[in-house]
Structure formats: structure tokens, C-alpha cells
Amino acid sequence: TRTHTHRQAGRETGGLFEAESSTYSYLLADAGSGEAVLIDPVLETQRVFGLKSAISVHSGASADIMLSEGDTIKFGQQSLTVRETPGHTDGCVTFVTGDQTMAFTGDALLIRGCGRTDFQQGCSKKLYESVHQQIFTLPGHCLIYPAHDYKGQTVSSVDEEKKFNPRLTKSLQEFVKIMDNLNLPKPAKIDIAVPANLVCGLHEV
């Protein structure tokens with residue numbers, strides 16, 4: 001597991017990388033209170049007891065807290081706002097810091113890419129609209145932290161992705177055509193991951 005840290009305005013942000021699934025998880029902590037949130041944890045490496053789980057109400061999954069558009073997650077003096085960004089799945093959300101300097105985009109927007117739309121409630125049109133309406137409307141300097149990267153990239157920005165994302169700079173029609181012709185292999189561990197996601201990875205805990 002690879003890690004990196006960042007500190008800003010009383011908020012500590014740590015990134016963790018799980019190599020087998022190329023997944024980034026993010027630990028955000030309020031420096032004053034010690035309260036924290038963990039975004040996109042990986043079951044095999046981050047079983048932490050005593051936490052409350054949270055997931056989108058549209059995911060079809062169960063969790064302690066069900067999240068909807070505009071909900072706020074508070075931790076100490078810090079907060080995250082929920083923006084619904086379906087398209088990869090119905091339950092995808094983006095978490096935006098209260099000062100709109102960071103967005104944790106999950107599987108919706110990746111660095112120079114996006115989540116696939118060919119399984120598990122995927123819809124290219126929904127994903128395109130989600131990114132353009134919910135992420136690309138954030139300030140240009142807002143940093144983008146995705147849930148996955150396969151090339152070692154760690155962070156981008158709204159402005160960078162609006163200019164350089166090879167898929168999402170296209171028209172909706174072009175984007176749908178690109179996504180329809182990716183012909184990607186079946187994701188590793190998908191037969192394990194989908195049932196686990198439905199119970200927030202707690203099926204064996």
C-alpha cells in the first residue's frame with residue numbers, strides 16, 4: 001500500500017493505494033477534533049471496527065447512513081457535500097469538501113478517463129451528464145481525486161479534465177460511441193466485489 005499526505009486549513013488528507021485493484025482510498029481528518037472519514041476503503045486492507053458506513057440511497061446497498069444529493073457529512077470543523085454522479089452505477093456519488101478545493105469522484109471521473117458503463121446499471125448518457133453538471137461546474141482549481149488509476153497518477157483538477165480528458169471533452173453523442181466500443185474485459189474480482197458492495201464490504205465482518 002502506497003500513501004501520500006496533504007494538509008490544508010486544519011484538514012489532513014491521506015491517500016492510500018491498493019495495488020491489486022488499483023484503488024485509491026482517502027482518509028480525511030479534522031486536525032482539531034481528530035474526527036475523520038474514510039472514502040472508498042478496500043476490504044482486504046482497511047477493516048476498521050467502530051466506524052459507521054455510508055452509501056448512496058440509490059445504490060441498492062445497505063449501510064448505517066444512506067446518502068442523497070446535497071447531504072452534508074461533518075467531521076469536526078470540516079465537511080463533505082454529496083453530489084450524485086450516476087452513470088458507472090446508479091449509486092455513484094462525488095464528495096466535495098466544504099471549501100470546494102477537493103472532489104473525491106469515485107468511479108465517475110478518473111484522471112484523463114472515466115468509469116466504464118457496460119455493466120452494473122451503467123449508462124453512458126447518465127455518466128456524461130453527471131460529470132458535466134455535477135463535477136465540471138465546480139471551481140476550475142478544485143482538485144480531482146479518483147477512486148482508481150492505472151498509470152500511477154494521483155491528482156488532477158477540474159480545469160485539467162475539462163481541457164484534456166480524451167472522452168469527456170467530446171460531445172454526448174461522441175462520448176456514447178466511445179463508451180459503446182471500449183470492449184473491456186470483465187473486471188477482476190467483480191463476482192466478489194458486487195455482492196460485497198451491496199453490504200458495504202461487511203459480509204464477512
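Among residues that are assigned to a loop (DSSP other than H, G, I, E, B), surrounded by fewer than 17 Cβ atoms within 10 Å (Cβ to Cβ) and in contact with an Asp or Glu (Cβ under 6 Å, 6 or more places away or on another chain), Gln153 is not included.
Residue-by-condition table, conditions (1) at positive phi; (2) of a type in the set (Lys, Arg); (3) at pLDDT 95 or above:
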{"residue": "Thr89", "(1), (2), (3)": "no, no, no"}
{"residue": "Ala103", "(1), (2), (3)": "no, no, yes"}
{"residue": "Leu110", "(1), (2), (3)": "no, no, yes"}
{"residue": "Asp118", "(1), (2), (3)": "no, no, no"}
{"residue": "His148", "(1), (2), (3)": "no, no, no"}
{"residue": "Asn183", "(1), (2), (3)": "yes, no, no"}
{"residue": "Ile192", "(1), (2), (3)": "no, no, no"}
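Evaluated against (1) free of Cβ contacts under 8 Å to residues at least 24 places away in the same chain; (2) surrounded by fewer than 17 Cβ atoms within 10 Å (Cβ to Cβ), Thr101 falls short on exactly one condition, (1). Entry remark, segment 98-130: residues being over 17 Å from Ser56 (Cα atoms), of a type in the set (Ser, Thr, Tyr) and in contact with a strand residue (DSSP E or B) (Cβ under 7 Å, 6 or more places away or on another chain) number 1 in total.
Every condition in (1) closer than 18 Å to Ile178 by Cα; (2) in contact (Cβ under 8 Å) with a residue 24 or more places away in the chain holds for Lys163 except the one numbered (2). Number of residues in segment 122-140 that are surrounded by fewer than 19 Cβ atoms within 10 Å (Cβ to Cβ) and either in a helix (DSSP H, G or I) or in contact with a helix residue (DSSP H, G or I) (Cβ under 7 Å, 6 or more places away or on another chain) (or both) equals 7. Taken together, the criteria exclude Lys162 from residues that are under 19 Å from Gly106 (Cα atoms), open to solvent by 90 Å² or more (accessible area, probe 1.4 Å), part of a loop (DSSP other than H, G, I, E, B) and not small (Gly, Ala, Ser). Contact annotation: residue pairs with Cβ atoms under 7 Å, 6 or more positions apart or on different chains, pairing a residue in segment 131-160 that is under 21 Å from Thr117 (Cβ atoms) with a partner that is basic (Lys, Arg) and surrounded by 14 or more Cβ atoms within 10 Å (Cβ to Cβ), are Gln134/Arg83; Phe136/Lys162.
The values are calculated or read from the model by the stated rules, or taken from the named source; none is laboratory data. In this text the structure is predicted, and so the values were computed from the model without any measurement. Virtual Cβ from ideal backbone geometry, glycine too; neighbours counted across all protein chains shown. Please note that ligands, DNA and RNA were not included when accessible areas were found on the heavy atoms of the full protein model with its side chains. Shrake-Rupley method; radii C 1.70, N 1.55, O 1.52, S 1.80 Å.
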